Structures are given as C-alpha cells and as structure tokens.
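Undergrad: Okay, here's the structure, questions in a sec.
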Amino acid sequence: MKRWLISTLALFLAVTASAQPAGKNPAQVLEVRKIWDAGAHNAFTDLIRWKNVWWCTFREADDHVGGDGKIRVLTSVDGQKWESAAWVGEEGVDLRDPKFSITPDGRLMIVCGGSLYVGKGYRGRQSRVLFSNDGRTWTKPVKVLSSGEWLWRVIWHDGKAYGTAYDSNYYRVPASEDLVRSQGEWTLKLFRSDDGVKWELVSPMEVSGQPNETTVRFLANGDLMAMVRRESGTKKGWIGLTRAPYTQWTWYESDHQFGGPNFIQLPNGSLVAGTRDYTVAGKHTTLVGWLQPQGIEPLATLPSSGDNSYPGLVLHEDVLWVSYYSSHEGKTSIYLAKLKLP
C-alpha cells in the first residue's frame, strides 16, 4: 500500500504537470451562448454526448430551493439549436441536481436528489434514478439508497455503477416537525451497483469538514479519483485517490473551495475541472481549470456571477464543451461554452 501511495502521488503530479504548460496559458473561449431560460429558476446542469447527439439536463423550479423542482432535458444535433426533449416531475417532490450517465446496455440514466417540503419546512430527501432509451421518454423516478442519503453523481466502469452519497445528518425539531441540518460531521460513502437501482456500500470516505457534493472518475490506469466539496472548517475542497477494491483513500486538501465540482480526464492524461470559484470575496463565478493536487490552475472564468456554476464537461473533437448556469444577466439561465485548451 505504501508503495502504491507513493507511485499514485507521483503519477498524479506527473499528469497534472503535463497538463499545465509553461507560461500558464489560458484557454481560448470560442463561444458562450444561452440555451435555456424558460423556467423561473434554471440551474444545476449536466452535459453528455449520446447517440451522436448532445443532451443537457438541469432543474427547473420557482427558486434555488423549495417547491416541486422538475428535471428538464434538452437535446441538440449541432450544439447551436436546442429543443426540449423531456420534462420530468414527481408530485410533491423537488427533483434536484440531475446527472447523466450511460448504462452498459446503452440507456441514458439520470440520478437526482428528491427533497420534500411542507410549506417552507424541510421534511427529508431520498435520491432517485430514471432511465431512457431515446432521451425523450423516461421511466418514473425510483428511490435508491436510504432516506437522507444523496447520491450525487453516477459513473459506470467495467459494467458496474459507482457513486458517492452524502448524508448531512438532519434532525427533527419536535415543536414543528421540521428537519434542521446538523452542525456536526456529515458522512460520505462510496457505493456500487450492478443495475443503478440496487446499491451496496464499497467504503466510507473519511473526509472531515461536512463533505457533500462529490464527483468520482476512473482514471486511465483504473484508479478512482474524487473531487469533494466541504461546508465547514477551511471549506477547501478535498481530492482523493484510491485503487481497487476502492476501500482505502488518500486525501489532499486543495487551495480552492469547490461548488458543484466536476472533472474529466483528457486523452493525454490531463485532468480538467469545473467548479464555482470563491477566490474573489463577494463575487462567485464559474471556473474551468487544470485539476492539480493543490487545487485548480485557472484556464478560464466563464461569464457568470451570483447564483451559478454546476458545470457539465465533455471533450469533443479537441474542444471542451461546458454547460453551466448563471444569474449574471439577471435571471438564472442555462449556458453553453466552448473552450480550446492550450
């Protein structure tokens, strides 16, 4: 294990060093366009290329939190003209943070959170999954894991689905029956599934500082990497590495606070990430950059401010496509950016 930790760190350093050329060249932003603003609040995106067509998903609701949020799915042949392919809801449930993946049998899958409210009081949550053969007709959302656990993103590897779920340990206030978020430690766990519906625990992830939104990706060498948002302590994001059977993690604290974290590995081994950027006090923006052990080396700050981020990332024909949302034009809307990486 010690030898693996040393070699993994060396690999991580080598990969990210190759990703950052001398001179800290920025990415070339080729285009940014608004692709949707029909909802009152449009947010929390993901992007995928499936069956040679583009698909973008996000939540539509009345506000950032609360109400009966629904999942919107857009599609486009060329990335220029977008149309609505589906609008999925569940009565009395706020469906949040939809994320795409492709199952081994070729179906499109969405995982999302499902929150419950009574008036303005929070009454609980449980993750949902849904599937489609054509991107337009979707199965009814199916509850997965236990109440309180939020399976935030799913990826498939060697025929199995993997994802991390966090539980922010809400407790009930007897006088009102509302649930209040605990100020203590939260839990983060890695799960695995054969079908995306029935899940088994792989390992707890020993991350302090109230860990929550987490993207995991398999690297080219089969190791698993995690990019974790944290809500307390330094609030700096953590980056984790583990190898099969994915039960022991090595953690690095970055110098960036993450929000809606996402990353992918490029064909040359480089790691590119997207997140909300908190580095400028009072001005949050959407950042794309090289992912490194110490954090993110900026490549581009996309037009954004206020309520924003949660990017989807796809490399297609040497161009990085980024979906995200932002309120910099006065209303939370969905945007698509294209970047040429240095």
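Derivation of every value follows stated rules applied to the coordinates shown; laboratory data play no part. Bear in mind the structure is a predicted one, so any value in this text is a computation, not a measurement. Note that we place each Cβ from the backbone using ideal geometry, even for glycine, and neighbour counts take in every protein chain shown.
Undergrad: How much FRET efficiency would the formula 1/(1 + (r/R0)^6) give for D105 and V280, where r is the Cβ-Cβ distance and R0 is 45 Å, rounded to 0.05?
TA: The calculated FRET efficiency here is 0.50.
Undergrad: Measuring from label point to label point, each 7 Å out along Cα→Cβ, what is the Y252 to A40 span in nm?
TA: It is 4.4 nm.
Undergrad: Using bins 20 angstrom wide from zero, how does P(r) for the chain break down, in % of all Cα pairs?
TA: Taking all Cα pairs of the chain, the binned fractions are 32, 62, 6, 0 percent.
Undergrad: What is the fewest-to-most order of V32, V288 by other Cβ atoms lying within 10 Å of their Cβ?
TA: Going from sparsest to densest Cβ surroundings: V32, V288.
Undergrad: How many nm is it between the label spots at D158 and S305, if each spot is 7 Å from the Cα in line with the beta carbon?
TA: Here the modelled spin labels are 4.9 nm apart.
Undergrad: While we're on this one: Taking a ≥ b ≥ c as the square roots of the eigenvalues of the Cα gyration tensor of the range 178-249, is the shape rounded (a/c under 1.5), prolate (a/b larger than b/c) or oblate?
TA: oblate
Undergrad: Could I ask something else about it? Taking the Cα centroid of the range 70-144 and of the range 191-259, what is the distance between the two, rounded to the nearest whole Å?
TA: Centre-to-centre distance over Cα atoms comes out at 23 Å.
Undergrad: What is the set of long-range amide H partners of M205 at a cut-off below 5 Å, with H atoms built 1.01 Å from backbone N?
TA: Residues meeting the amide H criterion: L188, K189, L190.
Undergrad: Let me ask something additional. Testing the spin-label approximation: label points 7 Å from Cα along Cα→Cβ at V118 and N52. State their distance in nm.
TA: 5.3 nm
Undergrad: By per-residue mean of other Cβ atoms within 10 Å, what is the highest-first order of 101-109, 322-330?
TA: The densest-packed peptide leads the list: 322-330, 101-109.
Undergrad: Still on this model: List the residues of the range 90-115 whose backbone N lies under 14 Å from a point placed 7 Å from the Cα of E83 along the Cα-to-Cβ direction.
TA: Output list for this probe position: empty.
Undergrad: For K331 and V319 in the same chain, what is the full-extension length gain: residue separation times 0.36 nm, less their Cα-Cα distance, in nm?
TA: Using 0.36 nm per residue and subtracting the Cα-Cα distance, I get 1.6 nm.
Undergrad: Here are some pairs, K160/K235; K34/K340; K99/K283; which of them have Cα atoms lying more than 30 Å apart in this structure?
TA: Over 30 Å Cα-Cα: K160/K235.
Undergrad: If N is the number of residues in the range 229-342, what value comes out of its Cα radius of gyration divided by 2.2 N^0.38 Å?
TA: That ratio works out to 1.09.
Undergrad: Work out, step by step, the length gained on full extension between V65 and S208: first 0.36 nm times the residue separation, then minus their alpha carbon distance; give nm to one decimal.
TA: Gain on stretching V65 to S208: 49.0 nm.
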